[in-house]
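Participant: A single structure is presented below for examination.
The values are calculated or read from the model by the stated rules, or taken from the named source; none is laboratory data. Every value quoted in this text rests on a predicted model; they were computed, and no experiment measured them. A quick note on method: Cβ atoms are made from the backbone with ideal geometry, for glycine too, and the neighbour counts reach across all protein chains shown.
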Amino acid sequence: MTDSTTPRAADLDARARTTIDRAASSAHGAVDRAHDTVDQMQQRAHDVADRVSGATSQRVHDASRWIADHPMKALAGALVAGYLVGRMRH
């Protein structure tokens, strides 16, 4: 290589390294943002699941209590429901 080529190659090398460093930094930032978004979505999903689970548990508890408080109505309702389902199957 000639003396004029070596500084030019060094300049190109420095520019390439700067560009690569910027691209890597940008990509790392994008990955961090994506990771944060996934964490937030996961937390929201857990929150919704907890609310649904709590609501379902409350409904089951309410139904159990109603059946205990009104056993004859519950039995009559079960018989009617069974009869209707049986009729629909034929």
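Participant: Out of the residues in segment 47-76 meeting the condition of being more than 39 Å from the chain's Cα centre (by Cα) and part of a helix (DSSP H, G or I), tell me which one is surrounded by the fewest Cβ atoms within 10 Å (Cβ to Cβ). Quick ask: steps written out before the conclusion?
Facilitator: Taking segment 47-76 as the starting set, the residues that turn out to be more than 39 Å from the chain's Cα centre (by Cα) are 69-73, 75-76.
Now restrict to residues that are part of a helix (DSSP H, G or I): 69, 71-73, 75-76.
Values: ASP69: 9, PRO71: 10, MET72: 7, LYS73: 11, LEU75: 11, ALA76: 11.
The residue in question is MET72.
Participant: Do we find a residue being surrounded by 10 or more Cβ atoms within 10 Å (Cβ to Cβ), of a type in the set (D, E, K, R) and either in contact (Cβ under 8 Å) with a residue 60 or more places away in the chain or outside any loop (DSSP other than H, G, I, E, B) (or both) anywhere in segment 81-89?
Facilitator: Checking segment 81-89: not a single residue is surrounded by 10 or more Cβ atoms within 10 Å (Cβ to Cβ), of a type in the set (D, E, K, R) and either in contact (Cβ under 8 Å) with a residue 60 or more places away in the chain or outside any loop (DSSP other than H, G, I, E, B) (or both).
A quick yes/no check of all residues on (1) modelled with pLDDT of 90 or more; (2) surrounded by 10 or more Cβ atoms within 10 Å (Cβ to Cβ):
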residue: THR2; (1), (2): no, no
residue: ARG8; (1), (2): no, yes
residue: ASP11; (1), (2): no, yes
residue: THR18; (1), (2): yes, yes
residue: ALA27; (1), (2): yes, yes
residue: ALA30; (1), (2): yes, yes
residue: VAL38; (1), (2): yes, yes
residue: MET41; (1), (2): yes, yes
residue: ARG44; (1), (2): yes, yes
